[in-house]
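The structure under discussion appears below in the form of structure tokens.
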Amino acid sequence: MNLNGKIIVVTGAGSGIGRSLVEKFVAEGARQVVAVDINSGNAQQTANDYGCVAMTADVSRDEDIKRVVEETESSIGPIDLFCSNAGIIALHGEPWWATSAPNSTWQAMWEIHVMAHVYAARACLPGMLERGQGYFLNTASAAGLLNQIGDAAYSTTKHAAIGFAESLAITHGDDGIKVSVLCPQAVATRMTAEIGDGDGGTAAVDGMLTAEQVAAEAVQGLASEQFLLLPHKEVAEYRKRKTDDYDRWLGGMRKLRRRYGHPQP
Ligand SMILES: NC(=O)c1ccc[n+]([C@@H]2O[C@H](COP(=O)([O-])OP(=O)(O)OC[C@H]3O[C@@H](n4cnc5c(N)ncnc54)[C@H](O)[C@@H]3O)[C@@H](O)[C@H]2O)c1
């Protein structure tokens with residue numbers, strides 16, 4: 001996709017990767033970018049900094065996403081690219097069981113990491129299918145291809161996000177709908193400042209990228225219209241090892257977990 005002249009919505013645009021995506025899209029000559037966040041002040045700050053439009057929405061609410069799509073399309077024009085990027089982590093601490101996160105965390109992650117992507121597609125698809133074109137960029141994570149040690153709810157919902165992106169691409173690729181799924185490992189944002197000692201923990205085993213680097217990779221991936229965008233190149237090899245020999249890969253992940261000293265239940 002050539003981003004020049006395009007109308008683009010980015011969720012989670014008040015901070016981190018979303019904010020950097022907005023910056024890059026404006027620099028690439030987008031006609032308008034809508035910066036969406038649950039935090040109105042941060043969405044407005046992004047809009048002020050990069051000369052675009054701010055909207056407040058909770059992406060876990062179907063009606064909020066519908067409103068963003070309707071307001072964008074009626075006041076600006078048809079959406080060319082919708083980026084579902086908002087995400088959360090919720091650290092639960094000891095005991096570090098795979099079941100430790102409370103139901104409320106599982107539910108919030110399901111809604112923000114998966115259903116928000118479904119709501120965006122549901123709201124945008126009718127217009128996109130009529131026009132015979134449209135693009136979804138969904139931010140998942142390397143945790144959705146591999147795993148996030150110590151965070152089962154995050155890992156599981158990011159796997160589901162990738163599954164939904166695959167379904168979108170398979171079901172609507174023939175109708176002119178494009179899909180990319182962005183899967184970084186650790187990125188230095190507010191999110192990772194909460195992990196480990198602010199160093200990203202095991203997710204940062206290959207180092208941390210900046211949000212600007214990840215956004216630049218996303219722009220490149222959109223230009224080549226690739227499905228899987230891997231800002232950390234190592235992830236392609238890890239993914240291959242996982243599919244080649246699942247048991248060996250699981251053993252390696254357990255070793256990594258022990259190395260980082262997660263308490264044994
Ligand atoms: N930082 C990383 O290491 C990393 C790695 C892989 C994937 N990701 C993914 O990248 C995406 C962006 O994360 P980030 O690192 O920039 O984090 P961040 O915390 O800097 O930004 C996330 C933004 O999403 C917003 N948000 C959260 N819940 C929302 C909701 N219900 N409705 C609307 N907005 C909401 C927050 O207010 C925040 O502005 C997330 O999906 C995250 O899971 C991050």
Report summary line: Those residues of region 206-245 which are part of a helix (DSSP H, G or I) and among the hydroxyl-bearing types (Ser, Thr, Tyr) amount to 224, 238, 243
Query - Answer from 204, 120, 218 - the residue that is open to solvent by 10 Å² or more (accessible area, probe 1.4 Å) and either touching a helix residue (DSSP H, G or I) at 6+ places or on another chain (Cβ under 8 Å) or at pLDDT below 95 (or both) - result: 204
**Report entry** Residue check, residue 226 in contact (Cβ under 8 Å) with a residue 40 or more places away in the chain, closer than 26 Å to residue 82 by Cα and open to solvent by 90 Å² or more (accessible area, probe 1.4 Å)
**Finding:** yes
Query - region 50-75 - residue that is touching a residue at least 60 places away in the same chain (Cβ under 8 Å) and more than 16 Å from residue 6 (Cβ to Cβ) and, of those, most open to solvent (accessible area, probe 1.4 Å) - result: 62
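Residues checked against (1) near the ligand (Cβ under 10 Å from one of its atoms); (2) outside any loop (DSSP other than H, G, I, E, B); (3) among the hydrophobic types (A, V, I, L, M, F, W, C):
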site	(1), (2), (3)
58	yes, no, no
66	no, yes, no
72	no, yes, no
77	no, no, no
98	no, no, yes
Requested in this report: Report yes if some residue within region 76-91 is open to solvent by less than 70 Å² (accessible area, probe 1.4 Å) and modelled with pLDDT under 95; otherwise report no.
Outcome: yes
Requested in this report: Provide a single number: the residues in region 15-30 that are more than 15 Å from the chain's Cα centre (by Cα) and open to solvent by 50 Å² or more (accessible area, probe 1.4 Å).
Outcome: 5
Report task. Identify, from the list 10, 33, the residue that is modelled with pLDDT of 95 or more, assigned to a strand (DSSP E or B), more than 8 Å from the ligand (Cβ to nearest atom) and under 15 Å from the mean Cα position of the chain (by Cα). Result -> 10
Query raised in the report: Only one of (1) farther than 16 Å from residue 116 by Cα; (2) free of Cβ contacts under 8 Å to residues at least 24 places away in the same chain; (3) within 14 Å of the ligand (Cβ to nearest atom) fails for residue 159. Which number is that?
Result: (1)
Requested in this report: Report whether or not residue 163 is closer than 23 Å to residue 6 by Cβ, open to solvent by 20 Å² or more (accessible area, probe 1.4 Å), at pLDDT 95 or above and not basic (Lys, Arg).
Outcome: no
**Report entry** Hits in region 123-159 - residues which are under 23 Å from residue 226 (Cβ atoms), of a type outside the set (S, T, N, Q) and open to solvent by 30 Å² or more (accessible area, probe 1.4 Å)
**Finding:** 129, 131, 132, 159
Query raised in the report: Does region 247-259 include one or more residues that are open to solvent by 50 Å² or more (accessible area, probe 1.4 Å), within 12 Å of the ligand (Cβ to nearest atom), farther than 19 Å from residue 154 by Cβ and modelled with pLDDT of 95 or more?
Result: no
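The values are calculated or read from the model by the stated rules, or taken from the named source; none is laboratory data. Owing to the predicted nature of the structure, the values given are computational and were not obtained by experimental measurement. A quick note on method: Cβ atoms are made from the backbone with ideal geometry, for glycine too, and the neighbour counts reach across all protein chains shown. What goes into the accessible areas is simple: the full protein's heavy atoms, side chains included, and nothing from ligands, DNA or RNA. Shrake-Rupley method; radii C 1.70, N 1.55, O 1.52, S 1.80 Å.
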